[in-house]
Amino acid sequence: MLLGRRRQITRTVWDRLVCSRAAHSLPPHTIFLPAGRDSTKERAQRALPAGRTPVACLLGWVGCGERALRKYADLYTRRGVDVIALLLKPQHVALPVSRGESTMKCIADVLSAADTRERPIMVQGFSAGAFMYGNLLTELGRRGAEGADFAARIKGSVWDSPVDASGVPFGLSRAIMD
């Protein structure tokens, strides 16, 4: 009983730390790269501006670096698409409820804000990024009609070596040890 209460308190504190920043602040380990610029050289931002420009949500693999995801982001930014990139850390997968779900909840909150609701969304995931996408779908399911409206804005997805829950233990241990 006490352990369950402690987890709930810890999760509440984490949600406040991650989600209570400015209206469109992104969660930790998440960056924004604006469209129309060379994303390999552009300085990463920590907030999503209002607008109607399409946005690609890149969900990286465990341990991926910013430099690696910028190569993929450049494919989108050169075509006029803004990019949100999640640099997946081991704790996002090892602690799916306290870290993974709360991170995806914050990304969903940012993309559901009143002045970003017009943005079409493209999702691209790598390896455990598919697992994180599952967390996003779980969050959208909890939101009911609002989640269905959000899901309707997802115009496409690209998956590279997706991992489901059964492949997470092997991949996570390998990513940490390598």
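The values are calculated or read from the model by the stated rules, or taken from the named source; none is laboratory data. The structure presented is a predicted model; accordingly, all values stated were derived computationally and were not measured. As a convention, Cβ positions derive from the backbone with ideal geometry for all residues, glycine included, and neighbour counts pool all protein chains shown. For the accessible areas, the whole protein counts, side chains as well, though only heavy atoms, and no ligand, DNA or RNA atoms are used. Shrake-Rupley method; radii C 1.70, N 1.55, O 1.52, S 1.80 Å.
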Kindly check whether there is at least one residue in segment 112-121 that is open to solvent by 10 Å² or more (accessible area, probe 1.4 Å), in contact with a helix residue (DSSP H, G or I) (Cβ under 9 Å, 6 or more places away or on another chain) and within 24 Å of L75 (Cβ to Cβ).
yes
Identify, by number, the condition in (1) within 14 Å of the chain's Cα centre (by Cα); (2) outside any helix (DSSP H, G or I) that R119 doesn't meet.
(1)
Based on what the data block shows, is F150 within 15 Å of the chain's Cα centre (by Cα) and open to solvent by less than 30 Å² (accessible area, probe 1.4 Å)?
yes
Looking only at segment 50-75, count every residue that is under 16 Å from the mean Cα position of the chain (by Cα) and within 28 Å of A152 (Cβ to Cβ) and tell me the total.
11
Could you please let me know if A130 is of a type in the set (A, V, I, L, M, F, W, C), under 25 Å from S166 (Cβ atoms), touching an Asp or Glu at 6+ places or on another chain (Cβ under 8 Å) and in contact (Cβ under 8 Å) with a residue 40 or more places away in the chain?
yes
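Results for (1) touching a strand residue (DSSP E or B) at 6+ places or on another chain (Cβ under 6 Å); (2) in contact (Cβ under 8 Å) with a residue 60 or more places away in the chain; (3) open to solvent by 20 Å² or more (accessible area, probe 1.4 Å); (4) assigned to a helix (DSSP H, G or I), shown as yes or no for each residue.
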| residue | (1), (2), (3), (4) |
| --- | --- |
| H92 | no, yes, no, yes |
| S102 | no, yes, no, yes |
| V110 | no, yes, no, yes |
| G125 | yes, yes, no, no |
| G141 | no, no, yes, yes |
Would you say K155 is open to solvent by 60 Å² or more (accessible area, probe 1.4 Å) and not in a helix (DSSP H, G or I)?
yes
Exactly one of these conditions fails for C64: (1) within 19 Å of F150 (Cβ to Cβ); (2) modelled with pLDDT of 55 or more. Give me its number.
(1)
Those residues that are closer than 24 Å to A114 by Cβ and open to solvent by 30 Å² or more (accessible area, probe 1.4 Å), I need them from segment 43-75; list them, please.
Q45, R46, A47, P49, A50, R52, T53, P54
